[in-house]
């Protein structure tokens, strides 16, 4: 793996007193080291905003306490430094503190800040564009391009959107109207608001579904959380590509799949991807010289002494983007077992048709990948 990234890692040898052979060591290249130092410097400058994220997560939890081992899973998506458990968690005693529990070390809320207990406001770009300033004759549900839902599903989402807004920071949910009064619909309204709040804190406005399930008990989420995410395409998009599913906050991306507001930390990830792309070109050049090839097609990689799987990880066509989850086969296979009972309650089928919705990901052609670095 070290030789696959020549622009990031480099090897060197040091003399050894115990053996006749020199010891092989590894270090970062000057470019990678400079980039890493700049990222650490930025994270130290924005440590206050990172502490606010932790404080808001504690305010969202039912007992205002979260295990550090669970926060470590969500830490990279939030932009937390690797040593946040020893540095950041102990640097703001007025906000939170570390305590010992029977399950391990945990972060506990010290003070409740009412100014932080305000949900993220909805973006205006989700509102329909009106030619004439008058109310719509029919109720409108704005969905991303290429997504078609059955009428029963659409009607449910319209009624769901008309329910009173529920703050995820409030534990008790009030009465709801519009004929939808089951307790589960109240809990789902709060769960959607809570997941939206967590995704809004992340750097890329997305995270792994597994990371959210770690906090299912602390945040009061349903055991069928994945089904809830799939049931609300107006709020979330679940990508089933790869071994682990990812959930995206739809309102943070435009119609072309590009993130609207880029976090400062994303700039360093883009530079890291450029280094990886540069290393791939260097490996291509080495293979061309070794084989005496004067011309190499841009779309085809010549493999010599390497497994095909190595290049598949950097395949230009293998985008981990926004494919359509709502194709009939994928909907039934993916959410069938989990959503059978919920579909009966809602009164609609989950099969829908749609086109693919792709994001601008970071592959070898300058697109963005959703893989974590």
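Worth a mention:
- Filtering the stretch 74-90 to residues that are within 14 Å of the chain's Cα centre (by Cα) and either closer than 23 Å to residue 190 by Cα or free of Cβ contacts under 8 Å to residues at least 12 places away in the same chain (or both) leaves 74, 75, 77, 78.
- If you go through the stretch 62-72 and pick out every residue that is surrounded by 15 or more Cβ atoms within 10 Å (Cβ to Cβ) and out of contact with any strand residue (DSSP E or B) (no Cβ under 8 Å at 6 or more places or on another chain), you end up with 1.
- Scanning the stretch 216-235 for residues that are touching a strand residue (DSSP E or B) at 6+ places or on another chain (Cβ under 7 Å) and under 11 Å from residue 191 (Cβ atoms) turns up just one, 229.
- Qualifying residues in the stretch 170-215 (those that are out of contact with any strand residue (DSSP E or B) (no Cβ under 6 Å at 6 or more places or on another chain), at pLDDT 90 or above and in a loop (DSSP other than H, G, I, E, B)) - the one nearest to residue 118 (Cα to Cα): 202
- In the set 262, 258, only one residue is exposed (fewer than 15 other Cβ atoms within 10 Å of the Cβ), closer than 21 Å to residue 74 by Cα, at pLDDT 85 or above and not assigned by TED's automatic domain parsing to the domain that holds residue 60; that residue is 262.
The values are calculated or read from the model by the stated rules, or taken from the named source; none is laboratory data. What you are looking at is a predicted structure, and each value in this text was computed from that prediction instead of being measured. All Cβ positions, even for glycine, are placed from backbone atoms using ideal geometry, and neighbour counts span all protein chains on display.
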